[in-house]
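Undergrad: Structure in structure tokens, see below.
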Amino acid sequence: GSGELERRIAEAGHRVVGVDVSLPILRSARRRGMTAAVMGDAMQLPFRDASFDYVLLAETIGYVDLPVAFAEASRVLKKRGRLLITTYAPPVEAHIRYRKYRHDEIVGPLADAGFRVAESSFLRVNRSKASVAARSEDAAVLFLEGRKRAARPISG
């Protein structure tokens, strides 16, 4: 994306690497101060295994195949890595090609990719803040945090 959220994360002292498939979007992110912006696809990330503590898919899952993108996130995350997801809630109008998911449609593919849902919230959002909505029908954004589950030892 444009790098706005990533810039705020970097300002909080974290090293951030942004990824997008669009060169114009990457250029926009760089103009906004995103120094580490890489062309790439969430379904085939250009990074080594176990490279990151966190992966953030901000309004991305509506454009990708969930099992593939979640497996890629798991691959590039370290042992106790976390996957943070924000996606438009079903009541929100979005790009015609953006697929909106309900919470229950995301949880299964997350589990299949080796994550457990550690937190989820329905959020109302405006330009300056976000607040928790009691019901998904009142939300603009769905937030989920998936934590990698420890690999199970193979018994023989």
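The values are calculated or read from the model by the stated rules, or taken from the named source; none is laboratory data. Model, not experiment: these values are computed from the prediction. Methodologically, a virtual Cβ is constructed for each residue, glycine included, from the backbone with ideal geometry; neighbour enumeration extends over all protein chains shown. In case anyone asks, the SASA skips ligands and DNA or RNA and just uses the protein heavy atoms, side chains included. Shrake-Rupley method; radii C 1.70, N 1.55, O 1.52, S 1.80 Å.
Undergrad: If you count only protein heavy atoms and use a 1.4 Å probe, how large is the accessible surface of D112, to the nearest 10 Å²?
TA: Ignoring ligands and nucleic acids, D112 comes out at about 140 Å².
Undergrad: Taking the Cα centre of the chain as origin and charging only Cβ (+1 Lys, Arg; -1 Asp, Glu), how large is the dipole, in debye to the nearest 20?
TA: Dipole magnitude for the chain comes out near 500 debye.
Undergrad: Another question, then. Solvent-accessible area per residue for the chain at a 1.4 Å probe radius, Å²?
TA: Counting only protein heavy atoms, the per-residue value for the chain is 64 Å².
Undergrad: What does the charge add up to near R82, with Lys and Arg as +1, Asp and Glu as -1, over the other residues with Cβ less than 13 Å from its Cβ?
TA: +4
Undergrad: Computing the accessible area with a 1.4 Å probe over protein heavy atoms, can you report the carbon and sulfur percentage for the chain?
TA: Looking at the chain in its full context, I get 50 percent from C and S.
Undergrad: Restricting attention to the alpha-carbon atoms of the chain, what are Rg (one decimal) and Dmax (integer), both in Å?
TA: 15.8, 55
Undergrad: With every protein chain left in place and a probe of 1.4 Å, what is the accessible surface of Y88, to the nearest 10 Å²?
TA: 80
Undergrad: Kindly sort E137, E11, E93 by accessible area of their heavy atoms, largest first, with the probe set to 1.4 Å.
TA: Reading off the accessible areas and sorting them downward yields E93, E11, E137.
Undergrad: On average over all directions, what projected area in square nanometres does the range 27-111 have, based on the convex hull of its Cα atoms? Write down the numbers at each step before the final one.
TA: Working: hull surface 25.5 nm².
Here the figure is 6.4 nm², rounded to one decimal.
Undergrad: Top to bottom by accessible area (1.4 Å), largest first, where do D20, D41 land?
TA: Ranked from most to least accessible, the order is D41, D20.
Undergrad: Using Cα pairs under 8 angstrom and six or more residues apart, how large is the relative contact order of the chain, in percent?
TA: Relative contact order here is 18 percent.
Undergrad: The range 70-156: which trypsin sites (Lys or Arg not before Pro) are DSSP loop and have at most 16 other beta-carbon atoms within 10 angstrom?
TA: In loop regions of the range 70-156 (DSSP not H, G, I, E or B), the sparsely surrounded trypsin sites (Lys or Arg not before Pro) are R97, R99, K100, R102, R127, K129, R135, R149.
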